[in-house]
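Okay, so here's the structure we're looking at.
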Amino acid sequence: MDPIRRKILKAGAAATAMTAAKGVFAQQTGQGGAAGSFYQKGPVRIHYQETGSGFPLLLIAGGGLNSTMAGLTNPFDAIGEFKGEYRCVASDLRTANAGQSYGPLEIDRPWDSFTDDHLGVMDHLGIDKFMVMGFCIGGPLIWNLLKRAPNRVVAAVLAQPSGWRPEMPTLSYDTNMQGWGPDFVKRHPEVTMATVDKFLTKMYRSNPDFVITVTRDFVRSCQTPVLILPDDIPAHPYAVAMEAAMLAPKAEVSMFPWKEPKERIPLAVRQIHSFLKAHRPA
């Protein structure tokens, strides 16, 4: 074989090997850029996105039942902030009116249906252990994840978490019946407001208390490190966030308030970085 042809074949083999190696690396750590995809299981179709590389970090946006990936820019750009160190995974809730996910309203197990979706996406991506950060509704969802998959969640950040106020016992139910349900029914004619009522009743009115999805005894026994950044608006009760921080044996808490003035937000973000780094597996 002449020397020129030998060099061409050698270069081609090297390029093939490099491409294969990149493919394996991408499966292990996720692609460097954003990629929107769908995970499907039966009637459930979840729109998710991966951004960055490193140890997996599940991100749950605020916005209640209208939680979508677009919401991860409030109160700071969570994906932009963490994609340099982590494989960020985010998705639209199946109930979000502005999202691309869909799944039936599971009246008897509303919170567990969302947890099924989050764990399903992580399983689909081949991710076993991960960290999680959630805003607003992400609080109850994270506590449910910690209950359902305690050996998979390495650490959790709960920012401005939702909770139940005894002085406003029907707040979340009323807000969603007025602000979410009617639009959802318009988008899904097969669903009636009677079904929405049953769904929201199970979520927010059947034995409501504390952080909504778990009991104080569970929080007291939870061995997962958690960082809590309290808020103090009707849907995000300060007292509940602080009680959870006091009960959880491996909890840390941010300064308060951490969002106002806005100059404080970078300080809170630095604390999140430090917390995640401290608990990230080697």
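The values are calculated or read from the model by the stated rules, or taken from the named source; none is laboratory data. Since this is a predicted model, take the numbers as computed values, not measurements. Because the Cβ atoms are built from the backbone with ideal geometry, glycine has one as well, and the counts that use them run over all protein chains shown. When the accessible area is computed, the model is the full protein with side chains, heavy atoms only, and any ligands, DNA or RNA have been set aside. Shrake-Rupley method; radii C 1.70, N 1.55, O 1.52, S 1.80 Å.
Over the chain, accessible surface divided per residue gives 47 Å², non-protein components excluded, 1.4 Å probe. GNM on the chain, alpha-carbon springs under 10 angstrom: the most fluctuating residue among Gly179, Gly103, Gly71 is Gly179. On the chain, 56 percent of the accessible area sits on carbon and sulfur atoms, based on a 1.4 Å probe. Distances between placed amide hydrogens fall under 5 Å for Val157 paired with Val132, Met133, Gly134, Leu227, all partners being 5 or more residues away or on another chain. Can you tell me the orientation of helix 138-148 relative to the chain, as the angle in degrees between its alpha-carbon axis and the longest Cα principal axis, to the nearest 10? So the helix axis and the longest Cα principal axis differ by about 80 degrees. Once Rg and Dmax of the Cα atoms in Å is calculated for the structure shown, the corresponding label among (i) 18.4, 61; (ii) 21.1, 86; (iii) 17.9, 51 turns out to be (ii). Taking the Cα centre of the chain as reference, the dipole from Cβ charges on Lys and Arg (+1) and Asp and Glu (-1) amounts to some 1160 debye. Compute the helix-to-body angle for 238-247: its Cα long axis versus the longest principal axis of the chain, expressed 0 to 90° and rounded to tens. For helix 238-247, the angle is close to 70 degrees. Computed on region 136-215, with alpha-carbon pairs under 8 angstrom and 6+ residues apart, the relative contact order is 43 percent. Against the longest principal axis of the chain, how steep is helix 110-124, in degrees 0 to 90 to the nearest 10, with axes from Cα atoms? Orientation of helix 110-124: about 10 degrees from the principal axis.
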